[in-house]
1. Test of understanding: among 33, 68, which residue is outside any helix (DSSP H, G or I), on the phi < 0 side of the Ramachandran plot, surrounded by 17 or more Cβ atoms within 10 Å (Cβ to Cβ) and in contact with a helix residue (DSSP H, G or I) (Cβ under 7 Å, 6 or more places away or on another chain)?
2. Taking residue 78, is it outside any loop (DSSP other than H, G, I, E, B), over 15 Å from residue 134 (Cβ atoms), of a type in the set (Phe, Trp, Tyr) and in contact with a Ser or Thr (Cβ under 8 Å, 6 or more places away or on another chain)?
3. Which pairs have Cβ atoms under 8 Å, sit 6 or more apart or on different chains, and link a residue in the stretch 10-32 that is more than 18 Å from residue 135 (Cβ to Cβ) to one that is hydroxyl-bearing (Ser, Thr, Tyr) and modelled with pLDDT of 95 or more?
4. May I ask you to list the residues in the stretch 37-65 that are among the basic types (Lys, Arg) and surrounded by fewer than 20 Cβ atoms within 10 Å (Cβ to Cβ)?
5. For the stretch 36-56, how many residues are among the hydrophobic types (A, V, I, L, M, F, W, C) and either free of Cβ contacts under 8 Å to residues at least 40 places away in the same chain or not in a strand (DSSP E or B) (or both)?
6. Search the stretch 57-96 for residues being without any contact (Cβ under 8 Å) to a residue 24 or more places away in the chain and among the aliphatic types (A, V, I, L, M), and hand back the single one that is nearest to residue 26 (Cα to Cα).
Amino acid sequence: MSVEMTSEEIEQFLVCARVGRLGIVMDDEPYVVPVGFGYCNGKVFFHSCDKGLKMNGLRKNPSVCFEVDEALSDVTMFKSVIILGTAEIINEEKKMIPFLQKLIDKYRVPLIFDEYMSKPGRNRENELKAVRICVITPRRVTGRRFVQNKALADTAASDSTS
């Protein structure tokens, strides 16, 4: 049986999870896309190119669903957090850089933003023109988890094969 996660469990899960799924409405149809994300001060954030389906959809309708999950293939454990909220698009360089720094720290070798952008093959000016940060402010957050006792699972599995 699954149980509700505490707010502390939800927060820890959102800080550690690597991929979430963003659900938006585009022309009256749902659209879900995986995104790398960060979580800070009760809000989820991710970066995206300024142009494309995701950004066009967010501009038309900023109401979103954001989901993060984890499960084992034998179903002895799962966690899932769902956030219903509103996305805000940030395009000002000075406001974007702290969020970009947090994403660099999470997904890359931690470097200061300017040092990261000065690496070969990077073009700071062009990349900052092309990228946007989206910040989701939650209206509702739910989390569920299930962890089955491994000994009980093994017993149940052996009973079903006998």
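The values are calculated or read from the model by the stated rules, or taken from the named source; none is laboratory data. As the structure is a prediction and not an experimental result, all values here were calculated from the model. Note that each Cβ is placed from the backbone with ideal geometry, even for glycine, and that neighbours are counted across all protein chains shown.
1. Working: 33 fails: surrounded by 17 or more Cβ atoms within 10 Å (Cβ to Cβ).
On inspection, the qualifying residue turns out to be 68.
2. Values: outside any loop (DSSP other than H, G, I, E, B): yes; over 15 Å from residue 134 (Cβ atoms): yes; of a type in the set (Phe, Trp, Tyr): yes; in contact with a Ser or Thr (Cβ under 8 Å, 6 or more places away or on another chain): yes.
Here the answer is yes, as residue 78 does meet what is asked.
3. 25/31; 25/63
4. Just the residues of the stretch 37-65 that are among the basic types (Lys, Arg), to begin with: 43, 51, 54, 59-60.
Hits for the stretch 37-65 are 43, 51, 59, 60.
5. So the count comes out to 3.
6. The qualifying residue nearest to residue 26 (Cα to Cα) is 71.
Residue-by-condition table, conditions (1) loosely packed, with under 15 Cβ neighbours inside 10 Å; (2) outside any helix (DSSP H, G or I); (3) modelled with pLDDT under 90; (4) out of contact with any Asp or Glu (no Cβ under 6 Å at 6 or more places or on another chain):
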{"position": "126", "(1), (2), (3), (4)": "yes, no, no, yes"}
{"position": "132", "(1), (2), (3), (4)": "no, yes, no, no"}
{"position": "136", "(1), (2), (3), (4)": "no, yes, no, yes"}
{"position": "160", "(1), (2), (3), (4)": "yes, no, yes, yes"}
